[in-house]
Amino acid sequence: MRLHQISSMVLLPFRRPSLLLVSLLFSVALYAANIQANVYDIQSPKWVIAMGILILFSPLFHGVVILRVRAVESGTDVTTWQALLQTAVSYPRLVVGEILVNLIVVAGLFLFILPGVYVGLRLIFYKQVILIDHATAVTALRVSSRRTTGWRISLFLLALLTPFYGFAILIGYVVTVFSWGAVGEGLVVVASALSLIWTNTLLTNLYLEPVHKPHLGK
């Protein structure tokens, strides 16, 4: 990925304010759910609320971002509403994919944390496959796995994604250490929103690179 592509990706939320607004709303919902029950704390009786929000609402958010990024990359544009309507067509497949990926990743995490991270990286393109190539959930997992074969690709993806996830984690750590109250909570939500847009944009751009794109299987 070249410098101008990274620069364009970082600036995208600020060039498309409506996209940033959608991400902020989703981040607020995630933050509120996480206050009730951490998504990683399956022993909490309210854990199902947090996971329910992730599984039911995250496909809508990711779909809007992915389809708008695709439109920008193709030199066109779609509104948030148009992207949402297009996402709705693939929504059942996205929900099935979300459930399958979460089950597989959680199983990997229980066995050992690194297999969980590795499996997550292998299946990371499944939303793009469903939304852009209209595949089924199972086919999307298979295609994503083919796209990420080899430990070098997994390390490459991890290296690209770490700064964006790390940005949100760093803001959260600083806010916790210095106890900035409501202002700090707002910063955490904004950092999360930006991180979500950046990672979706990065993955969508990588998926759209024609050199590496495989044919979908039946």
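All of the numbers you see were taken from the coordinates with simple rules; none came from a lab. The structure displayed is predicted, hence computed values, not measured ones. Heads up, the Cβs are rebuilt from the backbone with ideal geometry, glycines too, and the neighbour counts pull from every protein chain shown.
Shape verdict for the stretch 52-210, please, from the Cα gyration tensor: rounded (a/c under 1.5), prolate (a/b greater than b/c) or oblate. Oblate.
Calculated mean residue ellipticity, 222 nm, the chain: -28000 deg cm²/dmol, from DSSP H runs (n ≥ 4) at -39500 (n - 2.57) each, averaged per residue and rounded to 500. For the chain, modelled as a GNM whose springs connect Cα atoms under 10 angstrom apart, the maximal fluctuation among Thr87, Thr201, Thr76 occurs at Thr76.
Working ranking of peptides 149-155, 162-168, 203-209 by packing, defined as the average number of other Cβ atoms within 10 Å per residue, highest first, is 203-209, 162-168, 149-155. If you take all other residues with their beta carbon under 12 Å from the beta carbon of Gly63, and give Lys and Arg +1 and Asp and Glu -1, the sum is +3. Packing order of peptides 175-184, 95-104, 124-133, highest average first: 124-133, 95-104, 175-184 (average count of other Cβ atoms within 10 Å over each peptide's residues).
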